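Student: Mind looking over this structure? Questions follow.
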Amino acid sequence: MEGIILRALSGFYDVMTDPAAELVRCRARGKFRHQGISPLVGDRVEITLLENQTGMVDKILPRKNFFQRPAVANMDQMIIIASKAIPETDPFLIDRVISLAEKRSCEPVIVVNKCDLKPGDELAELYRRCGFTALTVSAETGQGVEELRQAIAGKVNVFTGNSGVGKSSLLNRLEPGFHIRTGEISQALGRGRHTTRHIELYRLSNGAVIADTPGFSSFDSDQGEAVKKEELAETFREFRPYLGDCRFVGCAHVKEKGCAVRKAVKAGEIPQSRHDSYVRLYEQAKEYKQWEHKA
């Protein structure tokens, strides 16, 4: 029978075969380990039901996309939660996640939370200028939550963001019945304590499906999922109108003369911070070996 993996924890996979039925707790067959493949939350799978009502994952059906960190598959949207309050999100982390999402054909949505503590309008506007949906919200007061609810309705969404920005609090505000555990902010460290220890899909009453994930500090160190330097510029959507206009073929858009992208940055048509992130990612990508990249 077919189903969707809703939860993965310690080698067990909870599979939904019917929304009205109990989840089937499964193990994956050994062949996946030998093939270097792991089932992911969001995977559509074929399973065999065993006599004790547990199951075995026999086959992973073709994926729309997948990510290593967070370990999810078949996502429609990447909801990137950021904050201008403590802990303040480094825009480079946002841009790196956006780049990965764009490479995987997963639509990025930027959500600046905690706007009751410190306004996030300037940060949100920066990403709107680049062609993204960007919202300012407050899990505490409910400001902007209805707009977020509409943005995720009917889609499969993965929530991610640096620890402490309020991912679980937002999910609780979107669907109070879930009561996902939240953590306190460590004032000494300026970051949140991890409260999401595993990845799980939650179904909301508006038809949205959400994956709540651990903080995305993992993105900063996961070299294996970096975008290749030759493909990086295409993952910055505001660069695309200028990519064919550079003086030299194969322009890296870093410091070359006659670069249309750099000209657009100087003219204010592309935000300087986005180009800074691009250059930083490009320099990192040059250091990666070909085998380190995952398709």
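Yes or no, residue by residue, for (1) of a type in the set (Gly, Ala, Ser); (2) within 21 Å of residue 128 (Cβ to Cβ); (3) outside any loop (DSSP other than H, G, I, E, B):
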| site | (1), (2), (3) |
| --- | --- |
| 69 | no, no, no |
| 78 | no, yes, yes |
| 89 | no, yes, no |
| 98 | no, yes, yes |
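Student: Now for a separate question. Quick check, is residue 41 under 29 Å from residue 143 (Cα atoms) and open to solvent by less than 30 Å² (accessible area, probe 1.4 Å)?
Tutor: Numbers: under 29 Å from residue 143 (Cα atoms): no; open to solvent by less than 30 Å² (accessible area, probe 1.4 Å): yes.
Criteria not met by residue 41.
Student: Looking at region 52-72, I want the residues that are within 19 Å of residue 23 (Cα to Cα) and have a partner that is of a type in the set (S, T, N, Q) with Cβ atoms under 8 Å, at least 6 apart or on another chain. Which pairs are those?
Tutor: These pairs meet every condition: 55/48; 56/48; 58/48; 72/213.
Student: In the set 60, 47, 5, 81, which member is open to solvent by less than 50 Å² (accessible area, probe 1.4 Å) and within 15 Å of the chain's Cα centre (by Cα)? If you could, list the steps in order and put the result at the bottom.
Tutor: On the way: 60 fails: within 15 Å of the chain's Cα centre (by Cα); 47 fails: within 15 Å of the chain's Cα centre (by Cα); 5 fails: within 15 Å of the chain's Cα centre (by Cα).
Answer to the check: 81.
Student: Scan region 236-259 residue by residue and report those that are open to solvent by 50 Å² or more (accessible area, probe 1.4 Å) and in a loop (DSSP other than H, G, I, E, B).
Tutor: The initial filter retains those residues of region 236-259 that are open to solvent by 50 Å² or more (accessible area, probe 1.4 Å), namely 240-242, 244-245, 247-250, 255-257.
Correct list: 244, 245, 247, 248, 249, 250, 255, 256, 257.
Student: Now for a separate question. Scan (1) modelled with pLDDT of 95 or more; (2) not in a strand (DSSP E or B) for the single condition residue 111 breaks and write down its number.
Tutor: Of everything listed in (1) modelled with pLDDT of 95 or more; (2) not in a strand (DSSP E or B), residue 111 misses just condition (2).
Student: Quick one: residue 15 ticks every box in (1) open to solvent by less than 10 Å² (accessible area, probe 1.4 Å); (2) among the hydrophobic types (A, V, I, L, M, F, W, C); (3) touching a residue at least 60 places away in the same chain (Cβ under 8 Å); (4) assigned to a strand (DSSP E or B) except a single one, so which number is it?
Tutor: Condition not satisfied by residue 15: (3).
Student: Filter region 114-134 for residues that are open to solvent by less than 30 Å² (accessible area, probe 1.4 Å), of a type in the set (A, V, I, L, M, F, W, C) and part of a helix (DSSP H, G or I) and give the result.
Tutor: Within region 114-134, 123, 124 qualify.
Student: For region 157-181: of the residues being outside any helix (DSSP H, G or I) and open to solvent by 70 Å² or more (accessible area, probe 1.4 Å), which is modelled with the lowest pLDDT? Please lay out each step first, then the result.
Tutor: In the first step, residues of region 157-181 are kept if they are outside any helix (DSSP H, G or I); the result is 157-166, 175, 179-181.
With the extra rule that they be open to solvent by 70 Å² or more (accessible area, probe 1.4 Å), the set shrinks to 179, 181.
Numbers: 179: 49, 181: 43.
Among them, the one singled out is 181.
Student: Among the residues of region 88-97, are any of a type outside the set (S, T, N, Q), closer than 17 Å to residue 167 by Cβ and loosely packed, with under 15 Cβ neighbours inside 10 Å?
Tutor: Yes, some residue in region 88-97 is of a type outside the set (S, T, N, Q), closer than 17 Å to residue 167 by Cβ and loosely packed, with under 15 Cβ neighbours inside 10 Å.
Student: Condition test on residue 141, is it closer than 23 Å to residue 238 by Cα, open to solvent by 20 Å² or more (accessible area, probe 1.4 Å) and among the hydroxyl-bearing types (Ser, Thr, Tyr)?
Tutor: no
The values are calculated or read from the model by the stated rules, or taken from the named source; none is laboratory data. Because the structure is predicted, anything quoted here is derived from the model rather than measured. Don't worry about glycine lacking a Cβ; one is built from the backbone with ideal geometry, like all the others, and counts go over all protein chains shown. Accessible surface is based on the protein model in full, side chains and every heavy atom, while ligands, DNA and RNA are left aside. Shrake-Rupley method; radii C 1.70, N 1.55, O 1.52, S 1.80 Å.
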